[in-house]
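The values are calculated or read from the model by the stated rules, or taken from the named source; none is laboratory data. Just so it is clear, the structure is predicted and the values come from calculations on it, not from any experiment. Cβ placement follows ideal geometry from the backbone for every residue including glycine, while neighbour counts extend to all protein chains displayed.
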Amino acid sequence: MGVVEGSMRLADCMSNIRVDRKIVVIFSLTLFLALGLVACGGNQTMTVATTGPNVQAVVTTGDQTRLLQPQSTVSFGTGGNQSSPVITVSDNNQYQEIDGFGASLTDSSAWVISNDLDSTQQAALMQQLFSPTAGIGLSFLRQPMGATDFAVNGNYSYDDVASGQNDPQLAQFSIAHDTAYILPLLQQALSINPSAHVVALPWSPPAWMKTSGTMNGGNMNTAYFSSMAQYFVLFLQAYQQAGIPIYAISVQNEPLNSTSSYPSEYLDPTDESTFIANYLGPALSSNGLGAVKIFAYEHNWDNTSYPESVLGSSASTYVAGSSFHCYNGDVSAQSAVEAAYPGKGIWFTECSGTVGSNFAGDLVWNSENLLIGATRNWARSISLWNLALDENSGPTNGGCMNCRGVVTIDSSTSPATVDYNVEYYVLGHLAKFVLPGAHRIDSDPTNPGGIEDVAFQNPDGSIVLFVLNAGSAPQTFSVSWKGSYFNYALPSQSVATFEWK
């Protein structure tokens, strides 16, 4: 807070108080500002003696009056309000490394960004999504290998042949479909944020590799495991040649969800383990792709036996860890798997907003379960589902009919308009401040009340603290760092990100 702003707030406060002018002149402006701020209240109370670093604060409120809005700088000092919750932040212990925060540039997402926005709008949106300075700095992209339930023109894979035919040598393999609008946007995203990680996975193998003969549901024909391993190799090589290095892959999206409505496949843990151990892992290694991580499972929190089965099998040599979705179960499942296999990582890779829900409720749920819950339960990433959808929650290809993207592009207007949904602000509260390579650190609350939090240390040493007030009333709390404190008041159903060096 500057001297002018502080003087104005003090003047407002003192206007109703009768004070002798001779007494007033005795006190310095600095002391009046401190006393005035305490008397008048506000978002923060400042201590007289500054003993620590300045803190940048950004707030989003459930009533949407503040949306990722920078607040007045606060400072660490002596004291602290010990009667309120105290969050003690310490960098003595470092936990999991953070890979990033983001969403999926599905076929539908890429289509609406490329086709419903003009070039100026598109460039501006990509800056808002991926620039750490001009936007929220998204740093994690989970890319489908082929069609999902969000594809513009129906099902496709990278090796489609006529019904009744097959192509075990993958002579027809091609990523030509992606060159029109998916790859250009991925290239643009990485040019804006070169530190972003890209992961990839299929919703279904090519139809001819399955016992069902269709991409929509059914089982893998295990006789084609060798072809499927080569399918991954060719994809990784083609994307790398296009300037999109792949950080990690998963064998199958939601392997326990086989449906005739959209691309999907049932793959039991024994088959996943066999495929990784005997086919995929060796194929990556022999083609110089051994550095690409492999995630096991890739499904909901309600099942820990599947990832533990894969991690406990001969596939473990090649598997970096497990990935999870939010649609069933509790986030604590991640910690159960981490405790069973502490040498393996945890990634959180999918959750979707839905149209018609409440902004404040979604802000609280996502902050509590994902930004705080998933990271406190060892997640190295937070990735939501569609990056962008149109005003009709599409284009769809079966499956979810009311999913909401991180942004909505309304093509019913001319020109089209871009709405930034609650998911944009949720991701922004960590993506913009917690950089790839950061580590989660201790942030232990005492007398927490309605306050929840998580903290990180960036590679440059800066500290980021994220705080949620899920309650129905404003909450004052203190933050302790190396013996210094600052006090802050956060409105109900609101979040704040604090950063200091």
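Test each condition in (1) at pLDDT 95 or above; (2) surrounded by fewer than 20 Cβ atoms within 10 Å (Cβ to Cβ) for ASN447 and report the one that comes out false.
Evaluating ASN447 over (1) at pLDDT 95 or above; (2) surrounded by fewer than 20 Cβ atoms within 10 Å (Cβ to Cβ) leaves (1) as the failure.
Which one of these does LEU280 not meet: (1) assigned to a loop (DSSP other than H, G, I, E, B); (2) closer than 24 Å to LYS210 by Cα?
Of everything listed in (1) assigned to a loop (DSSP other than H, G, I, E, B); (2) closer than 24 Å to LYS210 by Cα, LEU280 misses just condition (1).
Would you mind finding the one in TYR231, TYR247, TYR306 that is in contact (Cβ under 8 Å) with a residue 24 or more places away in the chain and in contact with a Lys or Arg (Cβ under 7 Å, 6 or more places away or on another chain)?
TYR247
Taking the stretch 295-344 only, how many residues are assigned to a helix (DSSP H, G or I) and hydrophobic (A, V, I, L, M, F, W, C)?
Adding up the residues that qualify gives 8.
Hey, can you tell me all the residues within the stretch 448-466 that are touching a Phe, Trp or Tyr at 6+ places or on another chain (Cβ under 7 Å) and of a type in the set (A, V, I, L, M)?
ILE451, VAL454, ILE463, VAL464, LEU465
Just wondering, is there one or more residues in the stretch 420-431 that are touching a residue at least 60 places away in the same chain (Cβ under 8 Å) and touching a Cys at 6+ places or on another chain (Cβ under 8 Å)?
The answer is no, given that none of the residues of the stretch 420-431 is touching a residue at least 60 places away in the same chain (Cβ under 8 Å) and touching a Cys at 6+ places or on another chain (Cβ under 8 Å).
When you look at ASP159, is it touching a Leu at 6+ places or on another chain (Cβ under 9 Å), among the acidic types (Asp, Glu) and touching a residue at least 24 places away in the same chain (Cβ under 8 Å), yes or no?
The answer is yes for ASP159.
Looking at VAL422, VAL454, VAL406 in this structure, which one is buried (at least 21 other Cβ atoms within 10 Å of the Cβ), within 20 Å of the chain's Cα centre (by Cα) and more than 20 Å from GLN71 (Cα to Cα)?
It is VAL406.
Among the numbered criteria (1) assigned to a loop (DSSP other than H, G, I, E, B); (2) within 25 Å of PRO245 (Cα to Cα), which single criterion is violated by ALA123?
Among (1) assigned to a loop (DSSP other than H, G, I, E, B); (2) within 25 Å of PRO245 (Cα to Cα), the lone unmet condition for ALA123 is (1).
From LEU284, LEU311, LEU280, LEU363, which residue is in contact with a Gly (Cβ under 7 Å, 6 or more places away or on another chain) and farther than 24 Å from LEU430 by Cβ?
LEU284
Tally time: how many residues in the stretch 232-277 are in a loop (DSSP other than H, G, I, E, B) and of a type in the set (S, T, N, Q)?
Number satisfying all stated conditions: 7.
Could you list all residues from the stretch 250-276 that are of a type in the set (Gly, Ala, Ser) and farther than 20 Å from VAL199 by Cα?
SER258, SER260, SER261
Based on this model, can you work out whether THR211 counts as over 24 Å from SER383 (Cβ atoms), without any contact (Cβ under 8 Å) to a residue 60 or more places away in the chain and surrounded by 17 or more Cβ atoms within 10 Å (Cβ to Cβ)?
No, not satisfied.
Examine the stretch 129-144 for a residue that is assigned to a helix (DSSP H, G or I) and at pLDDT 95 or above, and state whether such a residue exists.
Yes, the stretch 129-144 has at least one match.
Matching residues to (1) modelled with pLDDT of 65 or more; (2) touching a strand residue (DSSP E or B) at 6+ places or on another chain (Cβ under 9 Å); (3) exposed (fewer than 14 other Cβ atoms within 10 Å of the Cβ):
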residue: ASP12; (1), (2), (3): no, no, yes
residue: MET46; (1), (2), (3): no, yes, no
residue: GLN64; (1), (2), (3): yes, no, yes
residue: THR78; (1), (2), (3): yes, yes, yes
residue: GLY100; (1), (2), (3): yes, yes, no
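Those residues that are farther than 20 Å from ILE249 by Cα and in a helix (DSSP H, G or I), I need them from the stretch 208-228; list them, please.
TRP208, ALA223
Please indicate, with yes or no, whether at least one residue in the stretch 180-202 is in contact with a strand residue (DSSP E or B) (Cβ under 6 Å, 6 or more places away or on another chain), without any contact (Cβ under 8 Å) to a residue 60 or more places away in the chain and not in a strand (DSSP E or B).
Among the residues of the stretch 180-202, not one is in contact with a strand residue (DSSP E or B) (Cβ under 6 Å, 6 or more places away or on another chain), without any contact (Cβ under 8 Å) to a residue 60 or more places away in the chain and not in a strand (DSSP E or B), which makes the answer no.
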